[in-house]
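Worksheet: one structure, shown below.
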């Protein structure tokens, strides 16, 4: 027997979303990497890997920002170890909730990526 979730306090499904930053971002704040959901979206972890083509330099500073629809503020940062196909940053959250579609995660680098280099973001969580 299938049961439909009608409780607003329980997730309706899991979230696994991806986004990417490229050298085109430079040192500017990225566009929205992931946005909230009308009933809310909980983010449990964010993994950031370098792409396979061009390595990012060791010591690259990645700033993770939370956007509330008007302003962005830093919520985390990481000093990347560099190299290709390598975990560059890992953020975990106990109860971080994006309450609306206006809320989003963005990122910014303090030094630009080399041409052809990428940072791949994976967001894992739950939708309500």
- [ ] Go over the candidates 94, 101, 86 one by one and state the one that is closer than 22 Å to residue 40 by Cβ, surrounded by fewer than 17 Cβ atoms within 10 Å (Cβ to Cβ) and touching a strand residue (DSSP E or B) at 6+ places or on another chain (Cβ under 6 Å).
- [x] 101
Open item on the list: Just checking, does segment 104-118 include any residue being over 16 Å from residue 19 (Cα atoms), outside any strand (DSSP E or B), in contact with a strand residue (DSSP E or B) (Cβ under 8 Å, 6 or more places away or on another chain) and without any contact (Cβ under 8 Å) to a residue 40 or more places away in the chain?
Closed with: no
TODO: Working carefully through the options 76, 125, 59, find the one that is touching a strand residue (DSSP E or B) at 6+ places or on another chain (Cβ under 8 Å), part of a strand (DSSP E or B) and either modelled with pLDDT under 95 or farther than 26 Å from residue 14 by Cα (or both).
DONE: 125
Task: Single condition residue 17 does not satisfy, out of (1) assigned to a strand (DSSP E or B); (2) at pLDDT below 90 - done: (2)
- [ ] Determine which single condition residue 30 fails, assuming it passes every other condition in (1) part of a loop (DSSP other than H, G, I, E, B); (2) modelled with pLDDT of 90 or more; (3) surrounded by fewer than 18 Cβ atoms within 10 Å (Cβ to Cβ).
- [x] (3)
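The values are calculated or read from the model by the stated rules, or taken from the named source; none is laboratory data. These figures come from a predicted structure and were not determined experimentally. Positions of Cβ are backbone-derived with ideal geometry, glycine not excepted, and every protein chain shown enters the neighbour counts.
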